[in-house]
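Undergrad: Handing you this structure, nothing more for now.
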Amino acid sequence: MIEALVGLLRFAAPVAFAATGETVGQRAGVINIGLEGMMLGAAYFAMLGSLTTGSPAVGLLCGVGVALTLGAVQAYFTLRLAVDQIVVGTALNLFALGLTSTLYRARFGGSGQLISVPRLPQFGPGLDAALVALPVLVVAAAWGLFRTKWGLALRGVGEYPAAVEAAGYGVARLRFQATVVGSALAGLGGGYLALGVTGSFAENMTAGRGFVAIAMVTFGRWRPAWVLAACLLVGWVDSLQYELQARGLGIPAQILIALPYVLALVVLVAVGKGTAAPAALAVPYRRER
Amino acid sequence: MKRALVTVAGLLLALVLTLAVFGVDVRQGLSLIAEGAFGDKFGVARTLVRATPLVLCGLGMAIAWRAGMYNIGGEGQYVLGGLAGAWVAKALVGPAPGLANPAVLIAAALGGALFAGLAGWLQVRRGVQVVISTILLNFTALQALSWAVRGPLQEPKGQLPLTERLPDTVMFQRFDPQTDLHAGVFVAVAAVVLTALLLWATKAGYLLRLVGQNPRVARANRVDVGRAQIGAMLVSGGLCGLAGGVDYLGLIGQVGDGFSQNWGFLAIPVALLGGLDPLGVLASGLYFGALMAGGEGLARFNQLGPTLVYVIQAVAVLGLVALNARSRPKPVVDDD
């Protein structure tokens, strides 16, 4: 029973890490469409790091480093140049997909052989260090966002940046900090996918998980604990589909899988105009001249 | 004109740089790509067939983004177009095969249009941003596809998760039995002309551009901003859905899980590099279609291949936006 629960947690963890970081980012008005690319880049370099050094911990750090690098590129474009976040995010996704697929083919051949790298060491009922860190990070994100001055300013930047600027904070600085948190956690999620879940890498292995994470932030109403719950729910539904098929129950699995996304949309619609979504989400900020 | 020249030079630079960074001999790489893209009739056909969905979806993106609607649901709209087309085909192939081809195209466009229109309506009337709703709708469309090809639309034997193959009479005509080139490319060309007319020669197109550039001015002049935004999403989704229908009728005549090859996402850089202008989209769609076709040629001689195209697209987009941002800084107008 406990092992099944831990298995579920491990399965949901890559999305949960990324979604926690994305919650912080979106609260500051930064929508990271490039989340998918950050996770994918992190997964490849985490695998490579673990393979070459033999240490999964170093691999995980490599993954976080790559995601942070991509985050820095994103920050330069969206904050310094005030380029649209969605344009930059889309480009980062393509960049990471092309880069990792090309490097993977060049290094390991397109032969479809499965590579196996050292995974994170497990203890107890299948736990590992990253899994233990996940709830801690979620609590830290919630505390930081809702119980600190920094979090108040950050959320202000997501709602009405001009007011925060008037109060003496730097909008770009706060959004940069949110981007750093978001990219680091995206890297952790991608790295964990390679080193905690599969112990391997495949082309485009994230397969939309970055977008799932963005959707879960919406579904969890921009609150870290609820976002984690949403990720676990989706992971559970995903694992349920095989059981459903095996038992031949009348409900098509696809309807169950689509349900969280439809529900997220319905909740957004029902609650109505922007009561939960940060008002300045995805809006570039330029100081008045 | 100057902008177009800069873009073309930038695209070539991105290609050369990417090849060099990945350790490909640049001259050999370029000639292999050119060979694969234009070398013979197979290459030309490959280029045009790849460019068709890129151009159609790219036009869709251009229309929506011009109106300030960040539609990133091209993928879902493409899938829904194919799905709606397959639905109509199943109903019509038996009783009225002569009508099936145009009916599939209409259904595909309608399916995509309604799907995107829903996202537009949600933003205008309910304040749910298109960026968020289209991500959610993409997942929904993929699951709808997965369900339909295992349920109501599955081929009669019920063995594979695919729809029944269309008879050749319903599919687009092929110009040469050896290549995939089909009459659907004319749909893309017609769409370029029509969207260019819509944007530059009609009042609706003018309002659409105005709303995208400055919603405040539009509102102050009593323009129904919401109507223009929803309209842009309808046209945008219609074009992406049409792309799905054209690929369905032109290529394999079947719809299955892997129906969309990321066309909806790849179309975004195509639209951006085309300057959100229909003629520009045509040019950049052809360029990337050729790169994809040529990349397959490259893949036969070394380990690198079509995936390099993504890197080139990304580098080109980032270079272009950086250049634009540096050359003409303008204050960002916030909406309300």
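Undergrad: Does B:Val49 qualify as being at pLDDT 85 or above, aliphatic (A, V, I, L, M), under 19 Å from B:Asn262 (Cα atoms) and crowded, with 23+ Cβ neighbours inside 10 Å? Break it down into steps so the answer makes sense when it comes.
TA: Values: at pLDDT 85 or above: yes; aliphatic (A, V, I, L, M): yes; under 19 Å from B:Asn262 (Cα atoms): yes; crowded, with 23+ Cβ neighbours inside 10 Å: no.
No, not satisfied.
Undergrad: Within the range B:132-155, can one find any residue that is more than 14 Å from chain A (Cβ to nearest Cβ) and at negative phi?
TA: Yes, the range B:132-155 has at least one match.
Undergrad: Next question. So for the range A:116-135 (the condition being within 14 Å of chain B (Cβ to nearest Cβ) and either surrounded by fewer than 19 Cβ atoms within 10 Å (Cβ to Cβ) or in contact with a Ser or Thr (Cβ under 8 Å, 6 or more places away or on another chain) (or both)), does at least one residue qualify?
TA: Pass one, the range A:116-135, residues within 14 Å of chain B (Cβ to nearest Cβ): none.
Checked the range A:116-135: no residue is within 14 Å of chain B (Cβ to nearest Cβ) and either surrounded by fewer than 19 Cβ atoms within 10 Å (Cβ to Cβ) or in contact with a Ser or Thr (Cβ under 8 Å, 6 or more places away or on another chain) (or both).
Undergrad: Among what's in the range B:166-187 and is crowded, with 20+ Cβ neighbours inside 10 Å and in a loop (DSSP other than H, G, I, E, B), pick the residue that is nearest to the other protein chains (Cβ to nearest Cβ). Don't jump to the end; show me each part of the working.
TA: We begin by selecting, within the range B:166-187, every residue crowded, with 20+ Cβ neighbours inside 10 Å; these are B:166, B:171-172, B:181-182, B:184, B:187.
This time we only want the ones that are in a loop (DSSP other than H, G, I, E, B), so: B:166, B:171-172, B:181.
Numbers: B:Leu166: 24, B:Met171: 28, B:Phe172: 29, B:Leu181: 26 Å.
Here the residue is B:Leu166.
Undergrad: Now for a separate question. So A:Ser55 fits all but one of (1) farther than 24 Å from A:Ile214 by Cβ; (2) at the interface with chain B (Cβ under 7 Å from one of its Cβ atoms); (3) not charged (D, E, K, R); what number is the exception?
TA: Status for A:Ser55: all satisfied but (2).
Undergrad: Sort out which residues of the range B:147-165 are assigned to a loop (DSSP other than H, G, I, E, B), closer than 21 Å to B:Gly245 by Cβ and among the hydrophobic types (A, V, I, L, M, F, W, C), and write them in order of number.
TA: B:Val149, B:Leu153
Undergrad: Can you name the number of the only condition in (1) within 14 Å of chain B (Cβ to nearest Cβ); (2) among the β-branched types (Val, Ile, Thr); (3) within 22 Å of A:Ala207 (Cα to Cα) that A:Val64 fails?
TA: (1)
Undergrad: Would you check which residues across the range B:299-319 are at pLDDT 80 or above and either over 20 Å from the mean Cα position of the chain (by Cα) or not hydrophobic (A, V, I, L, M, F, W, C) (or both) and list them? Explain how you work it out, then say what you get.
TA: Of the range B:299-319, the ones at pLDDT 80 or above are B:307-319.
Answer for the range B:299-319, where residues must be at pLDDT 80 or above and either over 20 Å from the mean Cα position of the chain (by Cα) or not hydrophobic (A, V, I, L, M, F, W, C) (or both): B:Thr307, B:Tyr310, B:Gln313, B:Gly319.
Undergrad: Right, here's the next one. Restricting to the range A:216-236, count the residues that are outside any helix (DSSP H, G or I) and either within 14 Å of chain B (Cβ to nearest Cβ) or at positive phi (or both).
TA: Residues in the range A:216-236 being outside any helix (DSSP H, G or I) and either within 14 Å of chain B (Cβ to nearest Cβ) or at positive phi (or both): 3 in total.
Undergrad: Can you pull out every residue in the range A:198-213 that is touching a helix residue (DSSP H, G or I) at 6+ places or on another chain (Cβ under 6 Å) and assigned to a helix (DSSP H, G or I)?
TA: Listed by number, the residues that qualify are A:Arg209, A:Gly210, A:Phe211, A:Val212, A:Ala213.
Undergrad: Return the only residue of B:Val79, B:Val104 being within 14 Å of chain A (Cβ to nearest Cβ), crowded, with 24+ Cβ neighbours inside 10 Å, touching a residue at least 60 places away in the same chain (Cβ under 8 Å) and in contact with a Phe, Trp or Tyr (Cβ under 9 Å, 6 or more places away or on another chain). Please lay out each step first, then the result.
TA: On the way: B:Val104 fails: within 14 Å of chain A (Cβ to nearest Cβ).
Exactly one residue qualifies, and that residue is B:Val79.
Undergrad: While we're looking at this one, here's another question. Name, by its number, the condition in (1) closer than 23 Å to B:Ala232 by Cβ; (2) within 11 Å of chain A (Cβ to nearest Cβ); (3) surrounded by 19 or more Cβ atoms within 10 Å (Cβ to Cβ) that does not hold for B:Gly127.
TA: (3)
Undergrad: Please work out which residue is nearest to B:Ala116 (Cα to Cα), limiting yourself to the range B:138-151 and to residues that are touching a residue at least 60 places away in the same chain (Cβ under 8 Å) and out of contact with any Gly (no Cβ under 8 Å at 6 or more places or on another chain).
TA: Per the criteria, the residue is B:Ala144.
Undergrad: Please pick out the residue among A:Arg80, A:Arg105 that is charged (D, E, K, R), surrounded by 18 or more Cβ atoms within 10 Å (Cβ to Cβ) and within 13 Å of chain B (Cβ to nearest Cβ). Walk me through how you get there before you give the answer.
TA: On the way: A:Arg80 fails: surrounded by 18 or more Cβ atoms within 10 Å (Cβ to Cβ).
Just one listed residue meets the conditions, A:Arg105.
Undergrad: Oh, and also: Checking the condition free of Cβ contacts under 8 Å to residues at least 12 places away in the same chain and assigned to a helix (DSSP H, G or I), which residue from A:Ala96, A:Ala106, A:Ala91 passes? It would help to see each step written out before you state the result.
TA: Details: A:Ala96 fails: free of Cβ contacts under 8 Å to residues at least 12 places away in the same chain; A:Ala91 fails: free of Cβ contacts under 8 Å to residues at least 12 places away in the same chain.
The conditions single out A:Ala106.
Undergrad: What is the one condition in (1) within 16 Å of the chain's Cα centre (by Cα); (2) at pLDDT 95 or above that A:Ala130 does not satisfy?
TA: (2)
The values are calculated or read from the model by the stated rules, or taken from the named source; none is laboratory data. Owing to the predicted nature of the structure, the values given are computational and were not obtained by experimental measurement. For neighbour counting, all protein chains shown are included, and Cβ atoms are generated from backbone atoms with ideal geometry for every residue, glycine included.
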